[in-house]
Amino acid sequence: MSEISPTGDPWSRFSRDPRDPAVSALRTGDVDRAVLTDVLGEAFSDGRLTREEYDERADEAVRARTYGDFLPLMQDLVPTSGAAAPPVRRGDSPDLQRAAVNAYERKRRDSWVESVTITLICTGIWLAISLAGGGFDPHFPWPIIVAVIAFADSIETTASREKYIEKERAKLERKARKQERKELPGS
């Protein structure tokens, strides 16, 4: 008898339900392969898969290209009965896109504010130390190192705009789909 995943229904975590025959031939993406890998990892940590079984299935999960490739890897680990999850309709909700963009803009802005704040604090400490002897005796300008590290993170956040927005949108779509299921009669 299959056990239920400790984190709940794994099918709702996919962007499309692999049990739905209508999507079995559709190609899948990295986000869905990550969900599959999580399910396999949970099964291994619960002792439902041996190390060899886990390794074999994890290798197959990485190579999986369609939703139909997922079902054989999961069918003895989680219940496959029940209604198929409705597919996520990408692009039909400008609100999701707007929310994902807003989340990215907040993250980007917070990253830059944090970088400037850290750099100013460190520079202030360095100046105070340099002025402590009654005159200006500049020691090694170590705040430059802190600034490079802090601003590198901000630059990376700014440069990965599309990746972050897509990831945030996928998260919001899963949340919306979960909410829709709760609102269905008989749920």
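Go through 98-111, 36-49 and give me the packing order, highest mean Cβ count within 10 Å leading. Before the final figure, lay out each step's value.
On the way: 98-111: 15.1, 36-49: 17.3.
Sorting 98-111, 36-49 by mean packing, highest first, produces 36-49, 98-111.
Dipole orientation for the chain: of the candidates GLY29, ILE155, GLN179, GLN179 has the Cα lying most toward the positive pole (charges on Cβ; Lys, Arg +1; Asp, Glu -1). 3J(HN,Hα) along the stretch 167-182, derived from phi through the Karplus expression 6.51 cos²θ - 1.76 cosθ + 1.60 where θ = phi - 60°, amounts to 5, 5, 5, 4, 5, 5, 5, 4, 5, 5, 5, 5, 5, 4, 5, 5 Hz, with x in place of Gly and Pro.
Here the chain exposes an accessible surface that is 58 percent carbon and sulfur, computed with a 1.4 Å probe and the other protein chains kept in place. Karplus-based coupling profile of the stretch 21-38, in residue order and whole Hz: x, 5, 10, 4, 8, 6, 6, 10, x, 4, 4, 5, 5, 5, 4, 4, 5, 4, with θ = phi - 60° in 6.51 cos²θ - 1.76 cosθ + 1.60 and x standing for Gly or Pro.
In this structure, the amide hydrogen of THR66, modeled 1.01 Å from its nitrogen in the peptide plane, lies closer than 5 angstrom to those of THR28, counting only residues at least 5 positions away or on a different chain.
Here each label is just a point 7 Å from Cα along the line to Cβ, and for LYS167 and LEU26 those points are 2.3 nm apart. Think of a 1.4 Å ball rolled over the protein heavy atoms: the chain then has 62 Å² of accessible area per residue. Label-to-label distance for ARG65 and THR117 is 4.8 nm, based on points extended 7 Å past Cα in the beta-carbon direction.
The values are calculated or read from the model by the stated rules, or taken from the named source; none is laboratory data. A quick note: this is a predicted structure, and the numbers were derived from the prediction, not measured. Cβ sites come from the backbone with ideal geometry, for glycine too, and all protein chains shown count toward neighbours. With ligands, DNA and RNA removed, areas are computed over all heavy atoms of the protein, side chains included. Shrake-Rupley method; radii C 1.70, N 1.55, O 1.52, S 1.80 Å.
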